[in-house]
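Below you'll find the structure, written out as structure tokens, and then a few comments.
Bear in mind these aren't lab numbers, they're just calculated from the coordinates by the rules spelled out. Given the structure is predicted, the values throughout are model-derived calculations rather than measurements. Note that each Cβ is placed from the backbone with ideal geometry, even for glycine, and that neighbours are counted across all protein chains shown.
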Number of protein chains: 2
Amino acid sequence: MIIDGKKLAEEIKESLKEEVARLGKKLRLAVIQVGANLVSEKFLEQKKKFGGAVGVDVRVYQLPEDISTNTLRKKLAEAVHIKQNSGVIVQLPLPKQIQTQYILDGIVPEKDPDMLSSKSIGLFATGRSSAMPPVVGAVKYIFEKYNIDVKGKNVLVVGAGRLVGKPLALWLLQQDCALVALNKHTSDLAPFTLNADIIISGAGAPGLIQPDMVKSGVVVIDAGTSESAPNGHLVGDCDPRVAEKSSFFTPVLGGVGPLVVAKLFQNIVVLARKQSKL
Amino acid sequence: MIIDGKKLAEEIKESLKEEVARLGKKLRLAVIQVGANLVSEKFLEQKKKFGGAVGVDVRVYQLPEDISTNTLRKKLAEAVHIKQNSGVIVQLPLPKQIQTQYILDGIVPEKDPDMLSSKSIGLFATGRSSAMPPVVGAVKYIFEKYNIDVKGKNVLVVGAGRLVGKPLALWLLQQDCALVALNKHTSDLAPFTLNADIIISGAGAPGLIQPDMVKSGVVVIDAGTSESAPNGHLVGDCDPRVAEKSSFFTPVLGGVGPLVVAKLFQNIVVLARKQSKL
């Protein structure tokens, strides 16, 4: 079974649109964009489109590639301070000269729909946040929709990146499953992938997971986006033939991707509702 | 090789004593104690003794077993607010009626040597804290002392508790190893323990790990303290014969235990030094 993430994202879109209308206040997502690259451009386009559809304004703050960490932190603080910005996100990756986590920590949890600041991560890790990282929200939505229960399962997370592997590992540490978390220092993946009941991959390494490395009937969520070299297309971590061996397969494009965007906007609504209560 | 944690803790004690003297200001650890139980009494005694030896006062705030979450949070806030308290910890476990994480979140990171608040955990998870959770400090100290490198290794953490399993898993997620994290919902541990190069156990389940469940030459850190039923002695997760099959074994008593206490006091010094710089 191959999951149509676009369709799932559409469902969320419809209900979110109603929720935004019911809220009765203007919502705006501020996006801090430094320089540009293909993957982030693509996701930014999706965000603008989705925001437009559900009634959340998206304002992009475009900043130069050679900006310093201090200047960027100041610009970010300004965007966070503006009342009309309900949420603020930083489009990643940032250029090499920037201390990324220091920048992300400039976003207060109340305005952090991406949940990448240390404070948001801490609240999430201790079960005290009202929102959850968008990629976690996306995977949880898929699991609930298709009755995939992680309880007692061997769940493998491939990749330890900030956007996919880390938040998923943090989430799974709080679930009733065995968590196996691999990073680029694991030389041989096969002994781990072959034992996994569920594989969630966010390595950003095309073809990393081949069909002979997984057991028949495995559940696979491919969340590792990268540009394939010759033509610049976006591809996932799994060889396409992995889908044939899986009982359940979610490709990165048209799979997890659109859902992650939907969950980002759902977080904006969750945070806005919480702000209204304060 | 069986590690003598008491001896290692003595080494830290000597250097800490000098550091405290050099700091030239009075340090005090406030301990919030609600009711009492054997394991926490034992650790509290060790803390008082260690504090006395290095020159850090330990003040215990004894509170009644039937206290409410709100009253406890208020009492904690008072202790945090007192300037003379350089660090504040809450002796765990708390009685059932208490929302433990909400209480722990009343400690600001600057005064949180146990690093159990959401903020401290977030800073640690993103690599932005100057201190590290005491159990992580203890394990890291042992690994560095005996040249045990986790790089590329299969490292297994058994147990997902707040004091041992969770902080160690958070740490290992940031290291160059494969992390396998199990909790009480894993019905069969053996397939995981047999593949592990390094096992760190913090389940609090006596005899959970038997010698036929580990490979020869494994590195084992037993950090799972519990009371054994008939005589009330404190015991670890590993059957004592596991030590014979290990290349390296750290028992819970006289092993990790004393080092965790030493690392708690080291954190108080680290935090105090940071406070002086502010």
_Using the Cα centre of the protein assembly as shown as the reference point, and only Cβ charges (+1 on K/R, -1 on D/E), how large is the resulting charge dipole? Debye, rounded to the nearest 20._
2100 debye
*At 7 Å out from Cα toward Cβ: B:Pro93 inter-copy label distances (nm, ascending)*: 4.4
_Check: chain A dipole with +1 on Lys, Arg Cβ and -1 on Asp, Glu Cβ, in debye_ = 1120 debye
*May I ask you to compute the full-extension gain from B:Lys26 to B:Gln210, defined as 0.36 nm times their residue separation minus their alpha-carbon distance, rounded to one decimal in nm?*
61.6 nm
*Can you work out the FRET efficiency for the pair A:Leu234 and A:Val60, with r the C-beta to C-beta distance and R0 = 22 Å, to the nearest 0.05?*
0.60
*Full extension from B:Asp176 to B:Ser276: what is 0.36 nm times the residue separation minus their Cα-Cα distance, to one decimal in nm?*
32.6 nm
*If we count other beta carbons within 10 Å of each Cβ, what is the order of B:Tyr141, A:Tyr146, fewest first?*
A:Tyr146, B:Tyr141
*Pairs B:Lys25/B:Lys119; A:Lys13/A:Lys48; B:Lys26/B:Lys263; A:Lys17/A:Lys74; A:Lys7/A:Lys263; A:Lys74/A:Lys96: which are spaced more than 21 Å apart, C-alpha to C-alpha?*
B:Lys25/B:Lys119; A:Lys17/A:Lys74
_Mean shadow area of the protein assembly as shown, taken as a quarter of the surface of its Cα convex hull (nm²)_ = 26.4 nm²
*Modelled label-to-label distance, A:Glu18 and B:Ser247, 7 Å Cα→beta-carbon offset: nm?*
6.1 nm
*For the rotation bringing B onto A, which B residue has its Cβ nearest the axis, and at how many Å?*
B:Gly122, 1
*asked:* Let me check I've understood the local charge: for B:Asp4, count other residues with C-beta under 13 angstrom from its C-beta, Lys and Arg +1, Asp and Glu -1. What total comes out?
replied: +1
*Helical segments meeting 20 Å axial Cα length and Kyte-Doolittle -0.5 threshold in chain A (DSSP H)*: A:38-54, A:257-277
*So if R0 is 60 Å, what FRET efficiency would B:Ala53 and A:Asp188 give, r being the distance between their Cβ atoms, rounded to the nearest 0.05?*
0.80
